[in-house]
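The structure appears below as structure tokens.
The values are calculated or read from the model by the stated rules, or taken from the named source; none is laboratory data. Predicted model, so just to flag it, every value in this text is computed and none were measured. Cβ sites come from the backbone with ideal geometry, for glycine too, and all protein chains shown count toward neighbours. Side chains are part of the model used for accessible areas, which takes the heavy atoms of the whole protein and leaves out ligands, DNA and RNA. Shrake-Rupley method; radii C 1.70, N 1.55, O 1.52, S 1.80 Å.
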Amino acid sequence: MYKIFILVLVCITCSLPIYAQSVSGIIMDSVEKVPLSNASISLAPLEPSSGPFSSVADRNGAFSFKGVADGNYTLTISSVGYEIYTILITAGPGNTDVGNILVSKAAKTLTGVIVNGAAPPVRQRQDTVEYAASQYKVNPDANAEDLIKKMPGVTVDQKGSVSAQGETVRKVTVDGRDFFGDDATATLRNLPSEVVDKIQVFDKLSDQAQLTGFDDGNTTKSINIVTKKDMRNGNFGRVYAGYGTNDRYSAGGNVSFFNNARRISLVGLVNNINQQNFASQD
């Protein structure tokens with residue numbers, strides 16, 4: 001009877017799990033080597049024994065699980081802004097210290113960023129005032145002269161004379177090249193507003209100053225019309241006609257052929273109302 005009791009006692013003892021005292025460690029940032037407080041830690045057994053366990057790291061990044069049975073476990077660490085970290089550990093009798101666990105920050109892949117915004121109506125580029133044509137509303141059949149009338153600091157009188165910043169504009173170019181020679185009126189009246197991207201107003205140096213690189217103080221108020229890129233190769237133009245009382249009439253048209261640096265324009269005008277499409281001196 002005594003031997004049977006001893007045998008039962010031994011079997012019961014062997015069937016009881018052997019518990020480790022604790023599993024502990026410290027969680028730290030892998031780069032800055034600072035503790036990660038409030039990180040979530042879970043300890044899950046690979047085979048049913050005890051647990052699972054869960055805890056939160058203290059302000060020093062430390063954690064500890066008590067009463068963990070011997071065996072193999074998965075230790076998982078997660079924290080906001082950091083990658084999920086998982087390791088396998090083996091818990092044995094006594095203290096199981098996993099030491100410092102370094103966790104890496106989560107990499108963020110940004111998708112393409114599209115910024116939509118309107119260009120400012122006017123901006124200063126060194127000595128050049130630049131107007132964005134898209135910010136000024138004109139009729140669909142408007143020309144460049146109608147467009148610049150909307151721009152602050154630029155005026156056009158009844159005779160077609162253009163002034164900018166209080167000075168008479170003597171030269172109008174298109175993409176930096178002459179279009180109608182020195183006739184600013186003809187350039188503005190025969191260029192549709194729909195092809196204009198920007199209007200640039202600046203003081204142009206004299207030919208001698210441009211040649212020598214020495215500013216002789218002689219400048220000419222000038223306007224450069226920057227055309228839209230998709231309009232620099234192609235043909236465009238317009239025709240119009242009108243008839244009124246007292247047998248007054250006006251008709252005309254123009255067509256322009258743009259091919260990069262080559263610009264050809266044909267202009268025609270007939271009327272009996274004393275209207276000109278060119279400056280008076282031409």
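Where strands (runs of 3 or more DSSP E) sit wholly within the stretch 43-101, those with at least 2 residues that are modelled with pLDDT of 90 or more and not small (Gly, Ala, Ser) occupy 71-78, 85-91. The set of residues in the stretch 169-211 being open to solvent by 20 Å² or more (accessible area, probe 1.4 Å), in a loop (DSSP other than H, G, I, E, B) and touching a residue at least 24 places away in the same chain (Cβ under 8 Å) consists of ARG170, ASP175, GLY176, PHE179, PHE180.
Applying the set (1) assigned to a strand (DSSP E or B); (2) in contact with an Asp or Glu (Cβ under 7 Å, 6 or more places away or on another chain); (3) at pLDDT 75 or above to ALA20 leaves exactly one unmet item: (3). Yes or no: SER40 among the hydroxyl-bearing types (Ser, Thr, Tyr), surrounded by fewer than 15 Cβ atoms within 10 Å (Cβ to Cβ) and modelled with pLDDT of 85 or more? So SER40 fails the test.
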